[in-house]
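Before any comments, here is the structure.
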Amino acid sequence: MTITNTTLASATFNGNGATTAFATGFQFIANADLQVIVTSALGVETVKTITTHYTVTGAGNSGGGTVTFLVAPATGEKVNIRSNITLDQQTDYVEGGSFSAATHETALDKLTKAVQQVKEITDRSIKLPIANQSITTQAATPTASYVLRMNSANTAVEWASGASIGLTGAATVKDTEFTVTDDSDTTKKLVFEASGISTATTRTLTVPNASGTIALTSDLSSYQPLDTELTAIAGLTSAADKGIQFTGAGTAGVYDLTTAGKALLDDADASAQRTTLGLGTIATQAANNVTITGGSVTGITDITLADGGTGASLADPNADRIMFWDDSAGQVTWLTAGSNLTITGTTLDAASVGTNTFGTIAVSGQSDVVADSSTDTLTLVAGSGMTITTDAGTDTITLVSSGGVSAATQSEQETASSTSVYVSPGRQQFHPSAAKFWLLVTNTAGTFALTSSYNITSITDGATGLYSVTIATDMSASTYCVVSDITGTDTASLGAGDGGYGAKIYTRAVGTYNVQCVNYSGSAFDAIHSYQVGFGDQ
Amino acid sequence: MKIMYTRPEDNGLSIVIAAPKEAIEKVLGPLTQEQYEAHVMERSIPADAINPRRITDDAIPANREFRNAWADITPEPVVDIDLVKAKDLKLMELRDKRNIELEKLDKEFMIALEQGRDLNVIKDKKQLLRDVTGPLKNLPVSGINDEEILDQIRALATLEV
């Protein structure tokens, strides 16, 4: 085969606990030519064993093959695959023997892979720039705990003790050797990297005591010095709805912060706090000068007379009463108006008792009757045709005309025989001689109208010369009399031998009747005027 | 207050003209408008009246020439004129007028017969009168409120002696 793939090693893969297959990315000759390394989260590298930890496919493929783990690398672990062929040469050519091209190519492939393997390693090595070819990189025999450094002439590497470069012991840096210079670049920071410190490992940063001088004051000034009160507070355990208070010198504790208490604490001022407490404006008034506007004061002890009160609790009398001092009872109570006393609005009235209600009785054209005393008596005397009766029980006096007239009833009107009652406007129509209804129907240029009427509800225009009349109040029977007349414009009918205009009344009922207007020839026609008057019992 | 309704017995149109409210109140005492209208409706509209409804004065034709042809046909609350009834009405009027003229000619005929005069002139007049209803009788009419048709009916109903 040929080696066309120049990739030297795989990419660095991150384990996730699920992925097991990883591409080599480079070409390899045999499965055993690979080295699979898993680096833990703490940076510890472990070389894995083929078959035991993984299997390989794709040997000889120009695009590389695949390493498949039996157990997926965990999250935090990294996977790297590199070439690791044995650096030897096992091809043996026999003088005068055959020269196999395949055997020769295989040897060249291995040689090429060996070169790539070395290049992968040298690429990860510390190197000098090519322009520094005169520097001698061959150091002297090493000395324990020495470090490699350039010599003072910068021409060769040399071993140097820790003390010579300011290191005392494994973790000590001399203050004379540890200097951070200010190059006015404010973005630069001095960082103590602690990410590599194992969990639960303690590292101590020691700074000078109070007698010394702390150079990095710009950073430390933002920290509060150790303080007894702050330490006491720092020792408290926080919890919801707790406040901090000092319980003594250098001691502190927590106390409950209630919802009501917090509602008061966050009020902006005293007015808001009064509102929260529901005190109202009365809370701001002086004890000797309280003003109450509206509302009510209840449940208090009776205010004494000396303090301007009544000294008693009185119930609403639900009637007009007068408040007064009842000396016999020694208290204020309600006074009720007795007989002949009335309270009207805000006025107390006394009815007249034993006095004249009217001092004078006057009759037009007559002498006044004047009471002579409060016990004077007015005597009523019945004149001719008059009867006076009294009723002591109801305190009434009845004046009746003993020989006078009264309004006729409907029955008296209809009987039409009484001569001792008078006819009133509201009943005169019940007399047999009175018209019970009447009407005038006009026809003006073809327009019918009920021009005037009495006790008529309507007329109904049914056809030429034909209409019916509806009486508002029924007659008592259909045997009533209707007197009718009409006028027309056909003067030729006057004096004609077969008669003039006529209005036939027919199909009379108690509340209606029909009218047919006919001309001299007996034909129906629309009369100009049509009159009817009805008599009978109603 | 006017109300029209159709009579079921002859399909003719009746127009109720109510007395004024004040006139009725003189008999029945004070009435509200509702009581007044209820009184008129109860007293004046027969139980079997067809489609009684209020109408205004201008819903009634201006003259009564075709009164017996009035009808309530259209949905609007107005009085319509039934052209078939109008034709029949005028035909009947024409016959009445013709009969009067025929009676006059009968008298003339008897006098001429007694006097030995020529009777043909009278006979011709009587024949003309007998035929006078023909054109109107043969006039095809239908529908309502067509003034042109009504004019034709009027013209054909004229009797010139």
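Would you please classify the overall shape of chain A from the alpha carbon gyration tensor, given that a ≥ b ≥ c denote the square roots of the eigenvalues, rounded means a/c under 1.5, and beyond that prolate means a/b larger than b/c while oblate covers the rest?
oblate
Quick one: Debye curve from the alpha-carbon atoms of the range B:1-81 only, equal weights, vacuum; give me log10 I(q)/I(0) at q = 0.14, 0.19, 0.21 Å⁻¹ to two decimals.
Cα-only, vacuum Debye calculation for the range B:1-81: -0.51, -0.84, -0.97.
Order B:48-56, A:72-80 from most to least packed using the mean count of other Cβ atoms within 10 Å.
Highest to lowest by the protection proxy: A:72-80, B:48-56.
How big is the B-A contact in terms of buried accessible area, both chains counted, 1.4 Å probe, rounded to the nearest 100 Å²?
Buried surface at the B/A interface: approximately 1900 Å².
Answer with one residue from B:L105, B:L128, B:L156: the one whose Cα lies farthest towards the positive end of the charge dipole of the range B:83-156, charges on Cβ with Lys, Arg +1 and Asp, Glu -1.
B:L105
Using the beta-carbon distance between A:A270 and A:A329 and R0 = 56 Å, what value does 1/(1 + (r/R0)^6) give for FRET efficiency, to the nearest 0.05?
Rounded to the nearest 0.05, the efficiency is 0.70.
Using a 10 Å cut-off on Cβ to Cβ distances, tally the other chain neighbours for every residue of A:462-474 and report the average as a whole number.
Per residue, the number of nearby Cβ atoms from other chains is 5 on average.
Using the basic label-point model (7 angstrom from Cα toward the beta carbon), what is the A:R124 to A:V400 distance in nanometres?
In this crude label model, A:R124 to A:V400 measures out at 14.8 nm.
In a Debye calculation with equal point scatterers on the alpha-carbon sites of the range B:83-156 and no solvent, what is log10 I(q)/I(0) at q = 0.18, 0.24 Å⁻¹?
These q points yield log10 I(q)/I(0) values of -0.72, -1.00.
What angle do you read, to the nearest 10 degrees and between 0 and 90, between the alpha-carbon axis of helix B:83-115 and the longest principal axis of chain B?
30 degrees
Taking Cα pairs under 8 Å and at least six residues apart, what relative contact order does chain A come out at, in percent?
Once normalised by length, the contact order is 6 percent.
Which residues among the range A:74-96 fall inside the zone where the amide N is under 19 Å from a point 7 Å beyond the Cα of A:T106, along Cα→Cβ?
A:84-95
Cα centroid distance between the range B:88-112 and the range A:410-459, in Å?
Value for the Cα centre distance between the two parts: 46 Å.
Evaluate peptide B:16-26: per residue, the Cβ atoms of other protein chains within 10 Å of its Cβ; return the mean as an integer.
That works out to 6 on average.
Within 10 Å, count the other beta carbons around each residue, average over each peptide in B:73-86, A:424-437, and list them highest first.
B:73-86, A:424-437
Give me the angle, in degrees from 0 to 90, between the Cα long axis of helix B:147-156 and the longest principal axis of the Cα atoms of chain B, rounded to the nearest 10.
Roughly 30 degrees between the two axes.
Taking the Cα centre as origin and putting +1 on Lys and Arg beta-carbons and -1 on Asp and Glu beta-carbons, what dipole magnitude results for the protein assembly as shown, to the nearest 20 debye?
2460 debye
Can you give me the angle between helix A:101-123 and the longest principal axis of chain A, using Cα atoms only, in degrees from 0 to 90, rounded to the nearest 10?
Tilt relative to chain A: about 70 degrees.
For B:K107, go through the lysines and keep the ones whose alpha-carbon is under 22 Å away, minus same-chain ones fewer than eight residues off.
Within the straight-line limit of under 22 Å, B:K107 reaches these lysines: B:K97, B:K123, B:K125, B:K126.
Under 28 Å from the Cα of B:K2, which lysines turn up, not counting those fewer than eight places away in the same chain?
Result set, ordered by chain and number: A:K436, A:K504, B:K21, B:K26, B:K85, B:K87, B:K90.
Looking at chain A only, what percent of DSSP beta bridges run antiparallel? Nearest 5 please.
For chain A, the DSSP antiparallel bridge percentage is about 95.
Might you report the magnitude of the Cβ-based charge dipole of the range B:83-156 about its Cα centre, with Lys and Arg at +1 and Asp and Glu at -1, to the nearest 20 debye?
Its charge dipole is roughly 180 debye.
For the range A:245-297 and the range A:514-538, what is the separation of their Cα centres, given in Å?
102 Å
Grab the DSSP H runs of chain A that are 4 residues or longer, score each as -39,500 (n - 2.57), total them, divide by all residues and round the 222 nm result to the nearest 500 deg cm²/dmol.
It comes out at -3000 deg cm²/dmol, rounded to the nearest 500.
The values are calculated or read from the model by the stated rules, or taken from the named source; none is laboratory data. What you are looking at is a predicted structure, and each value in this text was computed from that prediction instead of being measured. Cβ: placed from backbone, ideal geometry, glycine included. Neighbour counts: every protein chain shown. With ligands, DNA and RNA removed, areas are computed over all heavy atoms of the protein, side chains included. Shrake-Rupley method; radii C 1.70, N 1.55, O 1.52, S 1.80 Å.
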